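Notes follow the structure.
The values are calculated or read from the model by the stated rules, or taken from the named source; none is laboratory data. Quick caveat, the model's predicted, so the values are computed rather than measured. With ideal geometry, Cβ positions are generated from the backbone for all residues, glycine too; neighbour counts draw on all protein chains shown. To get the accessible areas, we keep the full protein, side chains included, count just its heavy atoms, and leave off ligands, DNA and RNA. Shrake-Rupley method; radii C 1.70, N 1.55, O 1.52, S 1.80 Å.
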Amino acid sequence: MATPAPAAAAPAATSSSSTPTLSSKLSGDKARNFLALLANELEPPYTLAAFEEFLRTREHSEENLEFLDAVKSYRTAAYAPDSADAKNAILQIIQTFVIPGAPKEVNCPNVIRKKLLEDVQQKGVTDPAVFAPAEAKTLELMRLSSFPHFCRFVEGKQGTSPSVDQRPAGHQ
């Protein structure tokens, strides 16, 4: 998944102790914070590894992140267009994540799933862009559901809103 590098976060509101809290920072651009999490640019405890663990153990939805990683790997691989290797790789993603009943089936609207399956299985499309609608919906689902759940989980685990500087690493 090609995620743009998020811009440095704007200064956050502070808690009574003048320490930035996640809640105050998330009141701004939540989508940017989510992309920073996926790029592993947030400070602990808001790391990609912690998010992966949360998806696996709490939400049981790790397939979403695995799907995005598989598509990202496919996109960055140096496959010749329409080569046998490209076809095999794209079919592996389809069989693992997209077909109904797949071992790690992602939650994708039926209209997007049908179009993706038609393009790949019937038309033989191997262009990585074929995944764009499914990627977008998976990202949206994670941003609107999994990410807020993760943030609340971490805050609850900390007992209070943690003191976390959410600017991307190296921009402090």
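Given the conditions (1) under 18 Å from residue 149 (Cβ atoms); (2) modelled with pLDDT of 90 or more; (3) open to solvent by less than 60 Å² (accessible area, probe 1.4 Å); (4) assigned to a helix (DSSP H, G or I), report the number of the one that residue 31 does not fulfil.
(2)
Mind counting the residues in the range 88-109 that are more than 14 Å from residue 135 (Cβ to Cβ) and open to solvent by 90 Å² or more (accessible area, probe 1.4 Å)? Can you show your working first?
We begin by selecting, within the range 88-109, every residue more than 14 Å from residue 135 (Cβ to Cβ); these are 88-89, 91-92, 95-96, 99-105.
Then drop every residue that is not open to solvent by 90 Å² or more (accessible area, probe 1.4 Å), which leaves 88, 92, 95, 100, 103.
The total comes to 5.
Where residues in the range 40-55 are touching a residue at least 24 places away in the same chain (Cβ under 8 Å) and either charged (D, E, K, R) or in contact with a Phe, Trp or Tyr (Cβ under 6 Å, 6 or more places away or on another chain) (or both), which of them is surrounded by the fewest Cβ atoms within 10 Å (Cβ to Cβ)?
So the residue we want is 43.
Out of the residues in the range 110-151 meeting the condition of being charged (D, E, K, R) and touching a residue at least 60 places away in the same chain (Cβ under 8 Å), tell me which one is surrounded by the most Cβ atoms within 10 Å (Cβ to Cβ). Break it down stepwise before answering.
Within the range 110-151, the subset charged (D, E, K, R) is 113-115, 118-119, 123, 127, 135, 137, 140, 143.
With touching a residue at least 60 places away in the same chain (Cβ under 8 Å) added as a condition, the list becomes 135, 143.
Values: 135: 22, 143: 17.
By that ranking, first place goes to 135.
Does at least one position in the range 137-149 carry a residue that is assigned to a loop (DSSP other than H, G, I, E, B) and either modelled with pLDDT of 95 or more or of a type in the set (Val, Ile, Thr) (or both)?
No, there is no match, as no residue in the range 137-149 is assigned to a loop (DSSP other than H, G, I, E, B) and either modelled with pLDDT of 95 or more or of a type in the set (Val, Ile, Thr) (or both).
Let me confirm something: among 80, 70, which residue is modelled with pLDDT under 95 and either open to solvent by 70 Å² or more (accessible area, probe 1.4 Å) or out of contact with any strand residue (DSSP E or B) (no Cβ under 9 Å at 6 or more places or on another chain) (or both)?
Working: 70 fails: modelled with pLDDT under 95.
Result of the check over 80, 70: 80.
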